[in-house]
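Remarks on the structure that follows.
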Amino acid sequence: MFYWVLKSIVLGPVLRAVFRPWVRGQEHLPEHGPAILVSNHLSFSDSFFLPLVVPRRVTFLAKSDYFNGRGLKGRLTAGFFRSAGQVPVDRSGGSASEAALATGLKVLAGGDLLGIYPEGTRSPDGRLYRGKTGVARMALVGHVPVIPVAMVGTDRVQPIGQKVPNIERVGVVFGAPLDFSRYEGMESDRLVLRSITDEIMYELMRLSEQEYVDEYAATVKEQLAEAMRERIASARARAQAAAATAASRAADARARVEAAKADAAAARVRRSVDLSEFPEDDPGYDAEVDDRTVESSPLESLAGSLGDALPDAAPDPAPGPAADRASGSVGEQGDATSDDLAAT
């Protein structure tokens with residue numbers, strides 16, 4: 001019930017008015033009975049636009065991640081997908097693939113239309129990738145026709161990783177039903193399954209006009225993710241090297257600043273020294289103006305002290321006979337002393 005409310009009242013009118021989807025080949029859709037709608041997968045919005053243009057209900061096999069979310073958001077998402085006709089499947093392979101096959105066959109057994117994306121995941125670059133053989137097994141076991149469907153332009157409306165869609169017109173192209181009843185009873189033959197799958201993918205390529213790549217999309221996605229991890233690691237290494245270089249340059253700059261500060265401090269110390277202690281080094285020093293004396297030798301200092309202690313000498317006698325006599329007696333004494341020394 002919620003499916004039809006969502007399609008006819010809630011989302012359907014809005015999607016038709018905003019994105020104006022165009023359709024070709026709608027006459028290939030069966031009015032009743034089971035069938036598999038096999039589509040290329042460009043965008044998350046493929047699962048909205050394809051059911052929108054199909055008059056009948058379409059049930060998709062959706063990855064179980066949409067149904068295993070935690071918290072209120074996870075429960076709301078799971079409820080929305082169940083109400084919109086999505087059936088959870090585990091895509092891990094092995095027994096999970098058998099469970100997905102059984103789930104799809106159950107939908108077909110009820111006479112409904114089953115939607116499948118044989119690429120297994122969205123195209124990482126808009127090209128068409130190799131299909132998985134599960135759809136071929138389902139068609140042979142369920143004895144149902146396969147209707148190829150090409151989604152056009154949905155990758156521009158909502159590219160991978162983008163939550164808010166762009167306003168672009170989208171298209172849906174239905175191809176003629178493919179009948180594989182000639183392979184009945186050969187669902188266990190791997191070569192047959194691969195041949196059927198390749199035929200389906202060829203029709204999708206023809207309808208969508210996409211470039212075909214003979215590789216699994218999941219493998220290419222993993223390669224792209226690994227390349228992205230390597231680029232991130234390389235960018236992180238370059239950032240770390242740049243940070244180390246910047247840190248080294250900053251350390252050098254700090255060292256130069258500290259050295260400049262030390263030089264400036266030394267210059268201030270030299271300027272603050274009292275240059276009067278070294279007057280001979282002062283170009284402005286004038287000995288006749290400055291009453292301070294340069295440091296003298298010890299003998300000069302002693303002579304100066306004695307000179308200050310003795311009384312002033314008497315003035316020289318006036319010239320005359322007395323002076324001559326004194327002069328003569330001194331001379332005589334000097335001669336006598338010389339004679340005595342000679343006699344000795």
Points 7 angstrom from Cα along the Cβ direction at ARG70 and TYR212: gap in nanometres?
4.4
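Going by how many other Cβ atoms sit within 10 Å of their own, how do HIS41, HIS143 line up, fewest first?
By the 10 Å Cβ count, ascending: HIS143, HIS41.
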Of the cross-linked pairs LYS63/LYS106; LYS106/LYS132; LYS7/LYS63; LYS7/LYS132, which ones have a Cα-Cα span greater than 23 Å in the structure shown?
LYS7/LYS132
Along the principal axes of its C-alpha atoms, what lengths does the range 2-215 span, in descending order and rounded to whole Å?
45, 38, 34
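Read the figures in this text as sums done on the coordinates, not as results from a lab. Quantities reported herein were computed from a predicted structural model and do not represent experimental measurements. When we count neighbours, we look across all protein chains shown, and the Cβ atoms used for this are built from the backbone with ideal geometry, even at glycine.
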